[in-house]
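Computed from the coordinates by the stated procedures, all read-outs in this text should not be read as laboratory data. The model shown is predicted, which means the values in this text are computed figures rather than measured ones. So basically every Cβ, Gly included, is an ideal-geometry build from the backbone, and we count neighbours across all protein chains shown.
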Amino acid sequence: MSLAERWRAARPSAAGVHVDSAACSRQSFAVIDAAASHARHEAEVGGYVAAEAAAPVLDAGRAAVRALTGRTDADVVFTTGSGHALDLLLAGWRGERTLACLPGEYGPNLMIMAANGFEMRHLPVDATGRLVVDEAATALESDPPALVHLTALGSHRGVRQPLAEFAAVCRQVGVPLIVDAAQALGHVDCAVGADATYSSSRKWMAGPRGVGVLAVRPGLLPPEALGRLDHVEANVAARVAFSVAIGEHLSAGPELVRTRLATVGRLTRETLADVPGWRVVEPADEPTAITTLESVDGLDPHRVRLWLIAERGVVTTAVGIERAPLELRVPALRISPHVDVTPDDLDVLVAALGAASLSRA
Ligand SMILES: *Cc1c(COP(=O)(O)O)cnc(C)c1O
């Protein structure tokens, strides 16, 4: 069986066409069962005893995150998501509160940065929103901020940022690099040894909702910044299930998954290239599985999304400009299939988009 066939066979069948992994992937039977088994174990032995018994699974999850972020020494903590991880990190930071990020930075991240009193400046990008590494190097050298934050792959556009090259620049300049890997983990290579990397469970890793992870170089934050978390109530079943999902990703082969997702993105953009009324935003061969479409006839992606679900059982995302308020000019419809998408699925999507346009959804 191919990776795509194994991935599809490992989970319940979709009720329609699910091309929405950038929002929330479909969990496997094993991941769903892991959460249910943990809840059952809590009922049998008690929630706190069950949590202790689950420690080895959680340790394996943390070790896998160290491997995927290229930081074998990292302190890894589970969070409730990516936003929570960024907030913990910035709240715990003891240095000067200046930070450089992309103009296409994720809107909710900008709010977390502002709420933590950070003064933001922007890194240079090209017309697609991709970081221009040599210009960024010059800017960082001449006036280094206290921290650099890079969203390695955005929510609003499937453009892969030059993470490895930029990590080398940050190391050279001596500025700590924080990576938002919400869309990048399990999708593009994040093993660059950034000073901190955080991500969400439910996206490309296909874990449950409501859980995330933060991996931090020891010494970046004072010890109490993360230690407090141990005493905060948590959904242990979700952490266990996330750990199982990461394990499934490792056993599927991260490189195989990345290659397949790049192929899926190319296939999606080729199939959507000629759909009347829509324009594909990303370069056709961008090595990610996130494709965004802009309506050339002024259709509202939020209404189109609802129409596609209600009338055709096709699940996509409407991306409002608040996702990247300093970069997006118009809202977009996001198509984000996982490794198992078939040409038939994409044909259903194309036909559905055509019908949505005709009905002026
Ligand atoms: C989804 C997303 C987040 C927020 O993740 P949560 O787990 O919902 O907090 C942050 N950054 C990017 C790029 C995202 O796509």
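Ordering 23, 259, 123 by Cα displacement along the dipole of the chain toward the positive end leaves 23 in first place; charges were set at the Cβ atoms of Lys, Arg (+1) and Asp, Glu (-1).
For the chain, the relative contact order is 24 percent, taking Cα pairs closer than 8 Å that sit 6 or more residues apart in sequence and dividing their mean separation by the residue count. Look at 106, 48, 198 and count the other Cβ atoms within 10 Å of each Cβ; fewest to most, that gives 48, 106, 198. As a rough footprinting exposure proxy, the listed residues 242, 118, 78 were ranked by other beta carbons within 10 Å of their own, and the order from fewest upward is 118, 78, 242. Per-residue Cβ neighbour counts within 10 Å put 243, 37 in the sequence 37, 243, beginning with the fewest. When +1 charges are put on Lys and Arg Cβ atoms and -1 charges on Asp and Glu Cβ atoms, the dipole computed for the chain relative to its Cα centre reaches about 480 debye. Rounded to the nearest 20, the size of the Cβ-charge dipole of the stretch 49-89 about its Cα centre is 140 debye, with Lys and Arg at +1 and Asp and Glu at -1. Measuring between their Cα centroids, the stretch 70-111 and the stretch 211-228 lie 10 Å from each other. Think of it as helices only: each DSSP H run of n ≥ 4 in the chain is worth -39500 (n - 2.57), and spread over all residues that comes to -13000 deg cm²/dmol at 222 nm. Projecting the Cα atoms of 212, 306, 337 onto the dipole axis of the stretch 198-349, where Lys and Arg carry +1 and Asp and Glu carry -1 at the beta carbon, places 212 farthest toward the positive end. Sorted largest first, the principal axis extents computed over the alpha-carbon atoms of the chain equal 59, 58, 34 Å. In order along the stretch 189-199, the Karplus-derived 3J(HN,Hα) couplings, from 6.51 cos²θ - 1.76 cosθ + 1.60 at θ = phi - 60°, round to 5, 10, 7, 10, x, 4, 5, 8, 9, 9, 7 Hz, and Gly and Pro are given as x.
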